[in-house]
Amino acid sequence: TNLTMPYAHGRDRQLVEYVSRGTRGEVHEPWFAYFGFRYLEVRGLPDDASVAVTAYSMHTDLASSGTLATDSSTIDRLLATARRTLLNNVHGVPEDCPTREQAAWTGDTASVAEYELAAFDSETFLDKWIADLETSQRADGQLPAVAPDLHASRMPSDPVWGSALHRMLRGHLLHYGDFRLV
C-alpha cells in the first residue's frame, strides 16, 4: 500500500506471490528481477509453522571512495540513508527508483551526480552509462529522457533532462580527470 498511486485505483503494486508446496527447505526467489521493498508479508501459514526469510540487497558493485562521520547522529543517519538510496538505484544503469519503472531517467541521474561521484568509485559505471546516453541520442542531436532508450516511439526531449549528458561529462572529468569522454 505504500506504493499506491493516484491512478492505481486500489490495485496492489509490486506484488510477488509464491505458493509453497509445504516441503521442508523450499526456496523461492524471483529470477532476473529485483524489487524495492521495506516490508515482507507472509500469509496463510498454520499456527505451528516455522519459516525463515532472508532478503538480499542487490546492486551494482560500487566501491566507496570515502566516508564522512560527524558528531551528529541525525546527519550520520542522513548520510547512511543517502548511501543506501543511491545503491538501491544502481542495477547496471543509474535508476530513478527500485519500486516503480526502474528506468535510467537522465534527470534523476544528473540530480545525484555530485553525491555519486563524491561517495563512490563510479568511473566505469558512469562511463558505460554516458555511452548509453550517447548511443540513445537522436540523429538531430536531441537527448532522451531515459537511457538506454529502446522504445520505438520516444518521448519529446527536454532541455533539463537532456542536460544530464553535459553535467555527467563535467562531473566525470572533474572527479576522474578523464578527457577521453569529453
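The values are calculated or read from the model by the stated rules, or taken from the named source; none is laboratory data. Owing to the predicted nature of the structure, the values given are computational and were not obtained by experimental measurement. FYI the Cβ positions are ideal-geometry reconstructions off the backbone, even for glycines, and counts take in every protein chain you see. Surface accessibility is based on the protein's heavy atoms, side chains included, excluding ligands, DNA and RNA. Shrake-Rupley method; radii C 1.70, N 1.55, O 1.52, S 1.80 Å.
So the values come out like this:
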| item | result |
| --- | --- |
| Scope the stretch 90-107; condition in contact with a strand residue (DSSP E or B) (Cβ under 7 Å, 6 or more places away or on another chain), farther than 24 Å from residue 40 by Cβ and part of a loop (DSSP other than H, G, I, E, B); matching residues | 103, 104 |
| Selection within the stretch 142-180 - open to solvent by 30 Å² or more (accessible area, probe 1.4 Å), farther than 17 Å from residue 107 by Cα and in a loop (DSSP other than H, G, I, E, B) | 150, 151, 152, 153, 177, 179, 180 |
| Every pair of residues 6+ apart whose Cβ atoms lie under 6 Å, when the first sits in the stretch 55-78 and is touching a residue at least 12 places away in the same chain (Cβ under 8 Å) while the second is in a loop (DSSP other than H, G, I, E, B) and small (Gly, Ala, Ser) | 62/122 |
| Filter result for residue 60 (within 24 Å of residue 143 (Cβ to Cβ) and either modelled with pLDDT of 90 or more or over 10 Å from the mean Cα position of the chain (by Cα) (or both)) | yes |
| Meets criteria (under 19 Å from residue 61 (Cα atoms) and open to solvent by 60 Å² or more (accessible area, probe 1.4 Å)) for residue 124 | yes |
| Residues (open to solvent by less than 20 Å² (accessible area, probe 1.4 Å) and either farther than 16 Å from residue 169 by Cβ or touching a Ser or Thr at 6+ places or on another chain (Cβ under 8 Å) (or both)) located in the stretch 108-121 | 110, 116, 119, 120 |
| Conditions (1) of a type outside the set (Val, Ile, Thr); (2) closer than 29 Å to residue 27 by Cα; (3) in contact with a strand residue (DSSP E or B) (Cβ under 7 Å, 6 or more places away or on another chain); number of the one not met by residue 50 | (3) |
| Any chance residue 18 is of a type outside the set (A, V, I, L, M), surrounded by 10 or more Cβ atoms within 10 Å (Cβ to Cβ) and part of a loop (DSSP other than H, G, I, E, B) | yes |
| Residue in the stretch 89-98 that is open to solvent by 50 Å² or more (accessible area, probe 1.4 Å) and charged (D, E, K, R) present | no |
| Residue within the stretch 64-85 that is in contact with a Leu (Cβ under 8 Å, 6 or more places away or on another chain) and within 22 Å of residue 180 (Cα to Cα) present | no |
| Residue 82 being in a helix (DSSP H, G or I), modelled with pLDDT under 90 and either out of contact with any Asp or Glu (no Cβ under 8 Å at 6 or more places or on another chain) or surrounded by 10 or more Cβ atoms within 10 Å (Cβ to Cβ) (or both) | no |
